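Peer 1: First the structure, which I've put down as structure tokens, then a few questions once you've had a look.
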Amino acid sequence: AQRVTQPEKLLSVFKGAPVELKCNYSYSGSPELFWYVQYSRQRLQLLLRHISRESIKGFTADLNKGETSFHLKKPFAQEEDSAMYYCALIRGNQFYFGTGTSLTVIP
Amino acid sequence: DAGVIQSPRHEVTEMGQEVTLRCKPISGHNSLFWYRQTMMRGLELLIYFNNNVPIDDSGMPEDRFSAKMPNASFSTLKIQPSEPRDSAVYFCASITGRQGYTEAFFGQGTRLTVV
């Protein structure tokens with residue numbers, strides 16, 4: 001069965017500190033993984049996808065098949081990064097989301 | 001395209017009343033999802049349509065919940081009768097499955113409060 005696990009419900013870091021949001025998955029095939037972000041009272045929007053191997057707003061995420069992880073990282077957190085972050089996996093046309101991590105960046 | 005459109009944005013209703021949430025997916029997208037978001041459980045998939053056909057409704061919590069997609073441009077999620085524990089934000093999302101590029105686009109959500 002497909003599953004996405006985000007072990008941290010809440011995460012607080014100080015501005016300028018590094019941040020890592022954890023995501024682990026279980027999937028029998030070759031996964032396609034995403035990070036979605038939801039700023040306060042807004043819609044979820046795509047932040048990045050692993051196949052693009054891009055950096056968006058300073059965030060990166062590397063797929064580690066050995067550890068079945070897709071952690072989201074940023075070297076220097078900014079106040080505007082405070083949001084809800086969801087890790088997601090797609091199989092066919094169905095998205096499976098983790099329970100989300102609420103990130104607060106303290107000024 | 002205006003994106004995925006949901007209505008209403010906010011709904012306050014009394015316990016026992018019927019509530020209907022509406023979603024217009026992005027034109028050309030052939031998959032549509034309804035999610036419920038709460039602080040305790042995060043984002044829960046309620047039901048998933050592909051080409052207007054319900055594929056997986058195992059996330060629908062109870063018989064009080066029902067969803068329809070009469071055509072490619074419209075879907076509804078109905079709760080009858082509503083209960084206070086149904087209070088949550090309900091999101092609709094549609095997917096483009098262009099080869100080599102899949103992304104879920106979300107609506108703004110409907111914030112439901114049942115009193």
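Peer 1: Mind listing the phi-derived Karplus ³J(HN,Hα) values for the stretch B:6-17, rounded to whole Hz, using 6.51, -1.76 and 1.60 with θ = phi - 60°, and x for any glycine or proline?
Peer 2: Residue by residue, the stretch B:6-17 yields 10, 8, x, 6, 9, 9, 10, 9, 8, 3, x, 7 Hz.
Peer 1: Right, something else. Of A:TYR96, A:TYR39, A:VAL13, whose Cα points farthest to the positive end of the dipole of the stretch A:3-106 (charges on the beta-carbon: +1 Lys, Arg; -1 Asp, Glu; origin at the Cα centre)?
Peer 2: Farthest towards the positive pole: A:TYR96.
Peer 1: Here is a follow-up. Name the residues whose placed amide hydrogens come within less than 5 Å of the amide hydrogen of A:GLU32, ignoring near sequence neighbours (fewer than 5 apart) on the same chain.
Peer 2: When sequence neighbours closer than 5 places are left aside, the close amide H contacts are A:ILE90.
Peer 1: Please give the contour-minus-distance gain from B:GLU62 to B:SER87: 0.36 nm per residue of separation, less the Cα-Cα distance, rounded to one decimal in nm.
Peer 2: Details: separation 25, 0.36 × 25 = 9.00 nm, distance 1.44 nm.
The span from B:GLU62 to B:SER87 would gain 7.6 nm if fully extended.
Peer 1: Under the Karplus relation 6.51 cos²θ - 1.76 cosθ + 1.60, θ = phi - 60°, what is the ordered set of whole-Hz ³J(HN,Hα) values for the stretch A:90-107, x standing for Gly and Pro?
Peer 2: 10, 10, x, 10, 9, 8, 10, 9, x, 7, x, 10, 8, 9, 10, 9, 8, x
Peer 1: Moving to a separate point now. Tell me the Kirkwood radius of the protein assembly as shown: reciprocal of the mean inverse pair distance over distinct alpha-carbon atoms, in Å. Let's see the in-between values first.
Peer 2: Numbers: mean 1/r = 0.0554 Å⁻¹.
Mean inverse Cα-Cα distance, inverted, gives 18.0 Å.
Peer 1: Next question. Read phi for every residue in the stretch A:51-68 and hand back ³J(HN,Hα) as whole Hz from Karplus 6.51 cos²θ - 1.76 cosθ + 1.60, θ = phi - 60°, with x for Gly and Pro.
Peer 2: Per residue, the Karplus-derived 3J(HN,Hα) values read 6, 7, 6, 10, 10, 10, 6, x, 8, 9, 8, 10, 7, 10, 5, x, 9, 6 Hz.
Peer 1: Further, regarding this structure: Can you list the lysines whose alpha carbon sits under 21 Å from that of A:LYS65, skipping same-chain ones fewer than 8 residues off?
Peer 2: A:LYS22, A:LYS73, A:LYS74
Peer 1: Using amide H atoms built 1.01 Å from N in the peptide plane, name the residues 5+ places from A:THR104, or on other chains, whose amide H lies under 5 Å from its own.
Peer 2: HN-HN under 5 Å from A:THR104: A:LEU11, A:SER12, A:VAL13.
Peer 1: Roughly how many debye, to the nearest 20, is the charge dipole of the protein assembly as shown about its Cα centre, given +1 on each Lys and Arg Cβ, -1 on each Asp and Glu Cβ, and no other charges? Can you show the working numbers first?
Peer 2: On the way: 24 positive and 21 negative charges, 59 e Å.
Dipole about the Cα centre, nearest 20: 280 debye.
Peer 1: Taking each pair of different alpha-carbon atoms in the stretch A:3-106 once, compute 1/r for the pair, average those values, and report the inverse of that mean as the Kirkwood hydrodynamic radius in Å to one decimal. Mind showing how you got there, number by number?
Peer 2: Values: mean 1/r = 0.0732 Å⁻¹.
Final number for the Kirkwood radius of the stretch A:3-106 is 13.7 Å.
Peer 1: At B:VAL53 and B:ARG9, where each label point lies 7 Å from the Cα along Cα→Cβ, what is the point-to-point distance in nanometres?
Peer 2: 3.7
Peer 1: Do you know the relative contact order of the stretch A:3-106, to the nearest whole percent, from alpha carbon pairs under 8 angstrom that are 6+ apart?
Peer 2: Values: 246 pairs, mean separation 41.2, N = 104.
Normalised by residue count, the contact order of the stretch A:3-106 is 40 percent.
Peer 1: Compute the whole-percent fraction of alpha carbon pairs in chain B spaced more than 19 Å apart.
Peer 2: It works out to 41 percent of all Cα pairs.
Peer 1: Could I ask something else about it? Out of residues 5 or more away from B:ALA88 or on other chains, whose amide H comes under 5 Å of its own, with H placed 1.01 Å from N in the peptide plane?
Peer 2: For B:ALA88, the qualifying residues are B:LEU112.
Every number here is computed from the coordinates shown, using simple stated rules; none is lab data. The structure presented is a predicted model; accordingly, all values stated were derived computationally and were not measured. Every residue, glycine among them, receives a Cβ derived from its backbone with ideal geometry; neighbour counts consider all protein chains shown.
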